[in-house]
There are 2 protein chains.
Amino acid sequence: MTTNAAPAPYATTVHQVARPTGMPTPADFAFVEHPVPVPEAGTALVENVYLSVDPYMREAMEEGEWELNAPLEGRAVGRVVASRDPRLAVGDLVFHRHGWRTHALVGGDEARVLPEPAGVPLRAWLSVLGGTGLTAYVGLTRIARLKPGETVFVNAAAGGVGSAVGRFARLMGAGRVLGSTGSAAKAEHLVRDLGFDAAFDHHDGDFAANLAAIAPDGVDVGFENVGGAQLEGLVGAMREGGRIAWCGAVAQYNDPGDPPAAPRNLYDLVHKAVRLEGFLVRHHRDAQAELEAFAVPHLREGRLVPDDTVTEGIGSVVDAFLGVLRGANTGKMIVRVGDPGEQCEAV
Amino acid sequence: MTTNAAPAPYATTVHQVARPTGMPTPADFAFVEHPVPVPEAGTALVENVYLSVDPYMREAMEEGEWELNAPLEGRAVGRVVASRDPRLAVGDLVFHRHGWRTHALVGGDEARVLPEPAGVPLRAWLSVLGGTGLTAYVGLTRIARLKPGETVFVNAAAGGVGSAVGRFARLMGAGRVLGSTGSAAKAEHLVRDLGFDAAFDHHDGDFAANLAAIAPDGVDVGFENVGGAQLEGLVGAMREGGRIAWCGAVAQYNDPGDPPAAPRNLYDLVHKAVRLEGFLVRHHRDAQAELEAFAVPHLREGRLVPDDTVTEGIGSVVDAFLGVLRGANTGKMIVRVGDPGEQCEAV
């Protein structure tokens, strides 16, 4: 074992202690303090720097995935501070899945040593280069097969996936990039800061009418994050031959037993020869290298600026997660639990 | 003008004379008798032999497509009996779209001269080699991308498209071929005569339970002809990574203003990464040569036997059409209005 950093006096790990009904509350979680773990042969100690909280985690809170009274899992990036695994060296920056804690023991087979980070902020590995970015990239390329010049619409557009979809679509040569989101301020942010051509607040008036107003010629590629009435509005706006990539339904995570009404206009899929395709990003991990080849040059050259909401400290992780479910974030919601170091934050 | 056949003394043409509400009735049509038309320069006179009646025609009866009090359109095959178009020779067997009549004037650009028919019955150009067969072929190949060994399910399986889907899927190497239909007799016909592995009557018990019983490991490829509750049952039975080719909704043609309920389990498309893709066969005319390369050898060598319901005489065309809407046929519904000749019926 080698070490060049004094371990923190204690570590914090977040447990789920109750199964929520509907929207989770802080009482469903506990912060457990314990001594910093010591690596055994084949593991390394990682001080986490950033944790990812994501809407899909609400599903993991149901019976059958996350265990109660045990450390929660989630994507994280951190720095190796002690190692008994020859594949991980002290000082390595790594991506792994032992999030929701300040310190993690990870094996070399559980961690990816991140490439030299010049020009790429460390937290990008949890946002545009992470699962969020991969979801956007795969949805636009493999599922919807976006072609240059096409009109793209994404709902929940100010969220982590949605904001990546809009910016990736622009960089891929989409003709018009359109979105909906949960407030007028976020709609303005999309247009002013993220290069959307138009956006609207889905609370303000009729969804279908709002969409028709910003997409008078219809939508070629829809990126569906919500479901229910918003999906119905999108189906109605699709052009002949359009494709909808459907990656999640935030509205449904809190009540999987009572799904939102399905679109009454579903038969439009036939009339307009539209493809509605659900996908799971875990089926497309092999696209990661392609995502990086696409996004890293854009990051380095400033055409792609991460649009993250970063909360401070392990104590903020539950609030950050509940905030994601309420749509409190713009861009990817990330929790900073350690010092990224200057080098890693340079853009 | 050349001619080697005496024209019939009169011709019959079918007009739509009223727009139906719901199910059409015979009173919505009129049989108009008139002299056999005489070809002008650039057209040929075709004596129709077979006419196609298809479910999609119900949609054409709504405002905006078929004109009232004018000859109806539909696929037909017939024989050139007089010609003033150098592209069409007397004796040619042709496919064209001037159906619903005994005699048609067609230009060379409106007709396809059919290839030498040895081993291929003439009416096959309206069934497995026609729009019906093309729908089945495109749905299985381009839309659902069937792979050998996969389990296929088709509803309305005893109809023209459905029975082609089942037999094509078998010839393409599907693992299991399953179907639902509208009577116990038709379900038996599918298994006994058409090579389905299992089938059920959708009137007999719960659709989802029946489907689960014959597809305990789920469905890889669904071919959806109905919509509504049947689509919901199919979505529930789909395996991860499955594909549904959706080509029509017979249930809806009679009442386009009040679509059937959409599947309540639509979000399963995301959980199971399933593709639901509507398609219109008119976007895929370029697959016709591929269809023929696939199906003609199977027809000639007896592995694919047309499963047509043939009614006799132009006077039967309205009843045949209404029968299709009621599901009275097994296989493709075809109306014989002329003599095919012995050569054309040899299989």
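A point 7 Å from Cα along Cα→Cβ stands in for A:Pro20, and the other copies hold the same point at 5.3 nm, listed in rising order. The rotation axis taking chain B to chain A passes closest to this chain B residue's Cβ, listed with the gap in Å: B:Ala262, 2. For the range B:33-147, the share of accessible area belonging to carbon and sulfur comes to 51 percent (1.4 Å probe, ligands and nucleic acids excluded).
Heavy-atom accessible area buried between chains A and B is around 2300 Å² (1.4 Å probe, both sides summed). The largest-to-smallest principal axis extents of the Cα set in the range A:132-193 are 31, 22, 15 Å.
Legend: distances between Cα atoms for B:Lys147/B:Lys332; A:Lys147/A:Lys186; A:Lys332/B:Lys147; A:Lys272/B:Lys272; pairs beyond 29 Å are A:Lys332/B:Lys147.
Here the ratio of the Cα radius of gyration of chain A to 2.2 N^0.38 Å is 1.01. Close amide H partners of B:Ala198, meaning residues 5 or more places away or on another chain with modelled amide H under 5 Å apart, are B:Val177, B:Gly179. Suppose you put the label 7 Å out from Cα in the Cβ direction; list, shortest first and in nm with one decimal, how far A:Glu63 is from each other copy's label. For A:Glu63, the other copies' label points sit at 5.4 nm, shortest first.
For chain A, a Gaussian network of Cα nodes joined below 10 Å ranks A:Glu224, A:Glu33, A:Glu188 by mean-square fluctuation, and the top entry is A:Glu33. For B:Phe29, the residues 5 or more places off, or on other chains, whose built amide H falls under 5 Å of its own are B:Val17. Put a plus charge on the Cβ of each Lys and Arg, a minus charge on the Cβ of each Asp and Glu, and nothing anywhere else: the dipole of the range A:167-249 about its Cα centre is then about 320 debye. Candidates B:Val90, B:Ala60, B:Val120 compared by Cα position along the dipole of the range B:50-147: farthest toward the positive end lies B:Val120, with charges placed on Cβ. Considering only alpha-carbon pairs that sit under 8 angstrom and 6 or more positions apart, the relative contact order computed for chain A is 19 percent. Spin-label pair A:Glu312-B:Arg285: with each label point 7 Å from Cα along the Cα-Cβ axis, the two points sit 6.7 nm from one another.
Bridges between two residues of the protein assembly as shown, per DSSP, are antiparallel at a rate of about 55%. Between copies, the label points at A:Arg285 (set 7 angstrom from Cα along Cα-to-Cβ) are spaced 4.7 nm, reported in nanometres from shortest to longest. Once C-alpha pairs closer than 8 Å and six or more residues apart are averaged by separation and normalised to the residue number of the range A:200-335, the relative contact order reads 18 percent. Largest mean-square fluctuation among A:Arg58, A:Arg176, A:Arg19, in a Gaussian network model of chain A whose springs join Cα atoms under 10 Å apart, belongs to A:Arg19.
Coupling constants for the range B:73-87 follow from the phi torsions by the Karplus curve (6.51 cos²θ - 1.76 cosθ + 1.60, θ = phi - 60°), and in residue order they are 9, x, 5, 8, 10, x, 10, 6, 10, 7, 8, 10, 10, x, 7 Hz; glycine and proline get x. Once backbone amide H atoms are built at 1.01 Å from N, A:Leu276 has A:Ile244, B:Leu276, B:Glu277, B:Gly278 as its partners under 5 Å, excluding neighbours fewer than 5 places away on the same chain.
Applied to the range A:31-40, the Karplus parametrisation 6.51 cos²θ - 1.76 cosθ + 1.60 on θ = phi - 60° returns per-residue 3J(HN,Hα) values of 9, 10, 9, 7, x, 4, x, 10, x, 8 Hz, with x for Gly and Pro. Dividing the helix sum by the residues of the protein assembly as shown, where each DSSP H run of 4 or more adds -39500 (n - 2.57), gives a mean residue ellipticity at 222 nm of -6500 deg cm²/dmol. Projecting label points 7 angstrom from Cα along Cα→Cβ for A:Asp193 and A:Ala213 puts them 2.4 nm apart.
Normalised by the number of residues in the range B:142-252, what is the relative contact order in percent for Cα pairs under 8 Å and 6+ residues apart? This gives 27 percent for the range B:142-252. Most simply put, chain A has about 55% antiparallel DSSP beta bridges, counting only bridges with both residues inside it. Placing R0 at 41 angstrom, the Cβ-Cβ distance between B:Glu62 and B:Glu301 gives a FRET efficiency of 0.45 after rounding to 0.05.
About its Cα centre, chain A has a charge dipole of approximately 680 debye under the convention of +1 per Lys or Arg Cβ and -1 per Asp or Glu Cβ, with nothing else charged. When Rg and the Kirkwood Rh are both derived from Cα coordinates, the Rg/Rh ratio for the range B:43-178 amounts to 1.05.
The values are calculated or read from the model by the stated rules, or taken from the named source; none is laboratory data. Worth saying up front: this structure is predicted, and the values here are computed from it rather than measured. Note that each Cβ is placed from the backbone with ideal geometry, even for glycine, and that neighbours are counted across all protein chains shown. Note: areas computed on protein heavy atoms with side chains; ligands, DNA, RNA excluded. Shrake-Rupley method; radii C 1.70, N 1.55, O 1.52, S 1.80 Å.
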